Amino acid sequence: MDSTSGPLSGIVVADLSRVLAGPYGTMLLADMGATVIKIESRQGDDTRAWMPPVLDGKSTYYMSINRNKRSVALDFNDPEDLETARRIIGRADVVVENFKPGSLAKYNLDYATIAATQPEVVYASITGFGTAGGGALPGYDLMVQAISGLMDLTGSPETEGFRSGVAIFDVITGLHTTIGILAALREREHTGRGQLVETNLLSSAQSGLVNQTAGYLLSGSVPERMGNEHPSIYPYEPFPTAQGPLIIAVGNDGQFRRLCNVLGIPGIAADERFCTPPLRSRNRTELRPILVDALSTNDAQSWFDLLTEQNVPAAPINSIAQGIDYAESIGLDPVVRVGPAGEMPGIRHPIGFSRTPARYDLLPPDLDADREHILNWLGAESRLAAQSRA
């Protein structure tokens, strides 16, 4: 339907998902050239109403994850609309949905029904807590941050648990879903058959907690809230300077020696209390005041410049605006122009392709903006199919 040159050009995605995990994943597919048809309810994706902030009265939350898509609003309780949905799905290589388990079966839009006549379809189903005992639970990222243990790890020992500043498990689940879809499409090239790809926020959370979940499983140690400290590495946290805090993230002995040299305390690197990573971690309460005292002689930006010159991992604590400015300063070009005439700024697709770069052709669509376009495409597809049968 859309002429593109991306690595997924020619792949059609019927996107029945809403909010964040599904739409984020399908936007990544669309950026890579897939034709994504966003099938919404008459009320539209929930995130259309999630504001502020806004741009021209529209939710920037919605706009952040829905570029390069086409929108059609369909009521599955309306026979004509339901038939349109089935026709779109019938021409799709990939279906993505995040309805509660079983919700789509009454419309015959579930995997089993679709795969019976469309065995080549890759059908990605996203839930909050799987399809068994947690199938009835609503899948909100904040719930998963709480239940998974992330909130119990986030914050200082003196505070209650904090949520992450972004819906991190929605994003991780969107990435996992995209990986699953691409793997299933690759397998389909060999077998000609699609399959069901299932992801859920809680499983993605437990995978995404990596060393924390592994630490518990392998040692029986339940991680505790440590503020900005790391349980296994030191120094690896913010430190005060003469002006502003500075992150220091030292992961090995060479980095620690260079840190001590830059700070003017070279003897500390050879101190028997601090000369190996386990010793530094164990004796952090003795090491921290030494580092704080040395850092008090200069400001955060100056230390950042000096440490960076010596390949010591360090960073100032930036605002979002400063973070984008920094990415610009090191040549990452984080901001792209979205739309036929580059009407809207957006964040660059995170993957670079040397031959088939990501596209930014379409603005996030207004609700039902592409109904006519999609119906015309369906009609053209039907005519082509009839001609081929003849």
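If a residue must be out of contact with any strand residue (DSSP E or B) (no Cβ under 7 Å at 6 or more places or on another chain), more than 12 Å from residue 126 (Cα to Cα) and outside any loop (DSSP other than H, G, I, E, B), how many such residues does region 173-201 contain? Spell out how you get there, then give the answer.
As a first pass, look at region 173-201 and keep what is out of contact with any strand residue (DSSP E or B) (no Cβ under 7 Å at 6 or more places or on another chain): 174-175, 178-179, 182-183, 186-187, 189-193, 201.
Imposing the further condition that a residue be more than 12 Å from residue 126 (Cα to Cα) reduces the set to 179, 182-183, 186-187, 189-193.
Still in the running and outside any loop (DSSP other than H, G, I, E, B): 179, 182-183, 186-187, 189-191.
Going through region 173-201 one residue at a time, the tally reaches 8.
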Considering only region 351-373, how many residues are over 30 Å from residue 84 (Cα atoms) and touching a residue at least 60 places away in the same chain (Cβ under 8 Å)? 4
Just one listed residue, out of 74, 137, is modelled with pLDDT of 95 or more and among the aliphatic types (A, V, I, L, M), and it is 74
Can you tell me which residues in region 89-103 are in contact with a helix residue (DSSP H, G or I) (Cβ under 9 Å, 6 or more places away or on another chain), assigned to a loop (DSSP other than H, G, I, E, B) and either outside the structural domain of residue 193 (by TED's automatic domain parsing) or surrounded by fewer than 20 Cβ atoms within 10 Å (Cβ to Cβ) (or both)? 91
So which of 375, 363 is assigned to a helix (DSSP H, G or I), outside the structural domain of residue 243 (by TED's automatic domain parsing) and surrounded by 11 or more Cβ atoms within 10 Å (Cβ to Cβ)? 375
Quick test for you: out of 44, 102, pick the one residue that is at pLDDT 95 or above and over 16 Å from residue 177 (Cα atoms). 44
Unique match (being touching a residue at least 40 places away in the same chain (Cβ under 8 Å), in the same structural domain as residue 283 (by TED's automatic domain parsing), over 22 Å from residue 154 (Cβ atoms) and not aromatic (Phe, Trp, Tyr)) among 249, 242: 242
If I filter region 106-122 for residues that are charged (D, E, K, R), surrounded by fewer than 17 Cβ atoms within 10 Å (Cβ to Cβ), assigned to a loop (DSSP other than H, G, I, E, B) and in contact with a helix residue (DSSP H, G or I) (Cβ under 6 Å, 6 or more places away or on another chain), do I get at least one hit? no
Would you be able to say whether some residue in region 137-147 is farther than 18 Å from residue 50 by Cβ and part of a loop (DSSP other than H, G, I, E, B)? yes
From the list 299, 271, 305, 293, which residue is in the same structural domain as residue 242 (by TED's automatic domain parsing), touching a residue at least 24 places away in the same chain (Cβ under 8 Å) and surrounded by fewer than 17 Cβ atoms within 10 Å (Cβ to Cβ)? 299
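Take residue 86 and decide whether it is assigned to a strand (DSSP E or B) and in the same structural domain as residue 177 (by TED's automatic domain parsing).
Criteria not met by residue 86.
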Tell me which residues, restricted to region 135-163, are without any contact (Cβ under 8 Å) to a residue 40 or more places away in the chain and either in contact with a strand residue (DSSP E or B) (Cβ under 6 Å, 6 or more places away or on another chain) or of a type in the set (D, E, K, R) (or both). 158, 160, 163
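Taking the residues in region 61-97 that are aliphatic (A, V, I, L, M) and in contact with a Pro (Cβ under 8 Å, 6 or more places away or on another chain) as candidates, determine which candidate is farthest from residue 108 (Cα to Cα).
By that ranking, first place goes to 63.
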Scanning region 31-57 for residues that are in contact (Cβ under 8 Å) with a residue 60 or more places away in the chain and outside any loop (DSSP other than H, G, I, E, B), which turns out surrounded by the most Cβ atoms within 10 Å (Cβ to Cβ)? 38
Of all residues in region 187-209 being surrounded by fewer than 20 Cβ atoms within 10 Å (Cβ to Cβ) and among the hydrophobic types (A, V, I, L, M, F, W, C), the one that is nearest to the chain's Cα centre (by Cα): 209
Among the listed residues 24, 61, which satisfies the condition of being in contact (Cβ under 8 Å) with a residue 40 or more places away in the chain and either out of contact with any Cys (no Cβ under 8 Å at 6 or more places or on another chain) or not basic (Lys, Arg) (or both)? 24
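The values are calculated or read from the model by the stated rules, or taken from the named source; none is laboratory data. Please read these numbers as outputs of a predicted model, since none were measured by experiment. Note that each Cβ is placed from the backbone with ideal geometry, even for glycine, and that neighbours are counted across all protein chains shown.
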